[in-house]
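The values are calculated or read from the model by the stated rules, or taken from the named source; none is laboratory data. Keep in mind that this is a model prediction, so the values were computed, not measured. Positions of Cβ are backbone-derived with ideal geometry, glycine not excepted, and every protein chain shown enters the neighbour counts.
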Amino acid sequence: MEGFNTQPSQQHDARRGKHFNILQMAIVAILCSMLGGGLMFGAIQIYGNTSVVQNQNTTASFASLLQNPALKGTTVADTQDSIGQVTSIAQKVSPSVVTINTYVQVQDLFSRGSTLEPESGSGIIISPDGYILTNNHVITDALAQGTNTLAQGDKIEVVLPGLKDKPYTAKVIGRDATTDIAVLQISAVNLPAAELGNSDNIKVGELAVAIGNPMGDTLMGTVTAGIISGLNRSLTMDNGEQLNLIQTDAAINPGNSGGPLCNSQGQVIGINTAKISAQNFEGLGFAIPINDAKTIADSLMKSGYVKGRPFLGISIDSTFTSIAARRYNVPAGLLVNGVQPLSPASTAGIKVDDIITKIDGVSLKTSSDLQTLLNKHKPGDVITVELYRYSDKASRTFKITLAEDKVSAT
């Protein structure tokens, strides 16, 4: 917006072997939000794509289990029983956990050539005929923006446990940036599908076991254990999307993204996706509840996109705050920094630099407020949008009919 001095939020992109940072907030907000049941925090990293490291031994660490405060006062026999339980879980689930390697073409400015840079994440076999569940951010760097098509020269491969020398070429069935879920398929049959549990039934304090491939397939099948530390944790990503997550102190490391978080029965209850990476904070990992992930995956497998999701067609400048509004003497709300052509917003007359103040009479402060409100509607519903048009310093009201969002990939 002309006259607005707003700075984009800082993030580290997982592409080119970097970590993808989804939110930067004050640590004070972490503590306040945790007391209130939600979670807004300092430096959180989504872990998925990392450069593959060679010549390191695969490990299975139970350190977090042994050091867990919940085990204080237990006997040696109790501890051995707990370790034995984790061993059984690992033996049951590990055959279903795959490595997902993406190879992204990087241009060399000096030689004018290009190289394929490897990046790595994890995935879970969810059906014997080759369907694999993972995070969208694990594969997105290898795809053309807004599509399920590989970028020119890039590729995605899946490595099954024990078959490092026989990678499978992966096909993208569908992906959803809003929930960070993606589904791949490989040409294989009789695969060991993981057993999915019910994430609505888990309780704080229960055993939690994470399995994945930190640093690539050289550390394939790494196991860490801890407990369920919290439920219904609210995490807002840099793009404004809000995730409802399970919190665990089981170690989540680079490359774990897309791998399973399991309960004591060896059932998958979550998809590991992020951890706090802030100084003085440890043991704060997060997973997408499997019930949420399965609903999205089923829709992607059936339709290629998430059916029934309402579509408005705008993007919001997340750096525009109430402080900026006071500074420029304009109403607080959501600053529109993009309008998709032929979208409901475009057809109705919404423009870049409009400030949306209310929808259906409800005041909006953040992108997550907008998404929460839209999720209460379905395609075809009519909403009332009140906004302030910066170009002519006037308030306006629009009636907009929501469409169906058929483009889940970004």
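So the values come out like this:
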{"quantity": "Test: residue in region 131-150 that is assigned by TED's automatic domain parsing to the domain that holds D292, crowded, with 24+ Cβ neighbours inside 10 Å and part of a strand (DSSP E or B)", "calculated": "no"}
{"quantity": "Condition met for K171 (in the same structural domain as V104 (by TED's automatic domain parsing), more than 30 Å from I316 (Cα to Cα) and within 22 Å of the chain's Cα centre (by Cα))", "calculated": "yes"}
{"quantity": "Qualifying residues in region 163-204 (those that are basic (K, R) and not in a strand (DSSP E or B)) - the one modelled with the lowest pLDDT", "calculated": "K164"}
{"quantity": "Positions within region 328-347 being among the hydrophobic types (A, V, I, L, M, F, W, C) and buried (at least 16 other Cβ atoms within 10 Å of the Cβ), in sequence order", "calculated": "V330, A332, L334, L335, V336, V339, A345"}
{"quantity": "Residues that are at pLDDT 90 or above and at positive phi, drawn from region 243-266", "calculated": "G258, G266"}
{"quantity": "Selected residue [farther than 30 Å from V138 by Cα and either surrounded by 17 or more Cβ atoms within 10 Å (Cβ to Cβ) or in the same structural domain as R175 (by TED's automatic domain parsing) (or both)] from A325, A403", "calculated": "A325"}
{"quantity": "Breaking point among (1) surrounded by fewer than 17 Cβ atoms within 10 Å (Cβ to Cβ); (2) modelled with pLDDT under 90; (3) touching a strand residue (DSSP E or B) at 6+ places or on another chain (Cβ under 9 Å), for Y305", "calculated": "(1)"}
{"quantity": "Flag for S363 being surrounded by fewer than 17 Cβ atoms within 10 Å (Cβ to Cβ) and in the same structural domain as F320 (by TED's automatic domain parsing)", "calculated": "yes"}
{"quantity": "Breaking point among (1) in contact with a helix residue (DSSP H, G or I) (Cβ under 6 Å, 6 or more places away or on another chain); (2) in a loop (DSSP other than H, G, I, E, B); (3) among the aliphatic types (A, V, I, L, M); (4) closer than 18 Å to I132 by Cβ, for A251", "calculated": "(4)"}
{"quantity": "Filter result (surrounded by fewer than 22 Cβ atoms within 10 Å (Cβ to Cβ) and aliphatic (A, V, I, L, M)) within region 173-185", "calculated": "I173, A177"}
{"quantity": "Failed criterion for Q265 (all others in (1) under 21 Å from the mean Cα position of the chain (by Cα); (2) in contact (Cβ under 8 Å) with a residue 40 or more places away in the chain; (3) not assigned by TED's automatic domain parsing to the domain that holds Y103 hold)", "calculated": "(1)"}
{"quantity": "Flag if V106 is touching a residue at least 12 places away in the same chain (Cβ under 8 Å), closer than 21 Å to T295 by Cβ and either assigned to a loop (DSSP other than H, G, I, E, B) or in contact with a Leu (Cβ under 8 Å, 6 or more places away or on another chain) (or both)", "calculated": "no"}
{"quantity": "Residue check for A293: out of contact with any Lys or Arg (no Cβ under 9 Å at 6 or more places or on another chain), part of a strand (DSSP E or B), among the small types (G, A, S) and surrounded by 15 or more Cβ atoms within 10 Å (Cβ to Cβ)", "calculated": "no"}
{"quantity": "I356 buried (at least 20 other Cβ atoms within 10 Å of the Cβ), among the aliphatic types (A, V, I, L, M) and touching a helix residue (DSSP H, G or I) at 6+ places or on another chain (Cβ under 8 Å)", "calculated": "yes"}
{"quantity": "Some residue of region 382-393 being more than 28 Å from the chain's Cα centre (by Cα), over 21 Å from G308 (Cβ atoms), at pLDDT below 95 and of a type in the set (D, E)", "calculated": "yes"}
{"quantity": "Selected residue (criterion: farthest from A287 (Cα to Cα)) from residues of region 97-141 that are modelled with pLDDT of 90 or more and of a type in the set (F, W, Y)", "calculated": "Y103"}
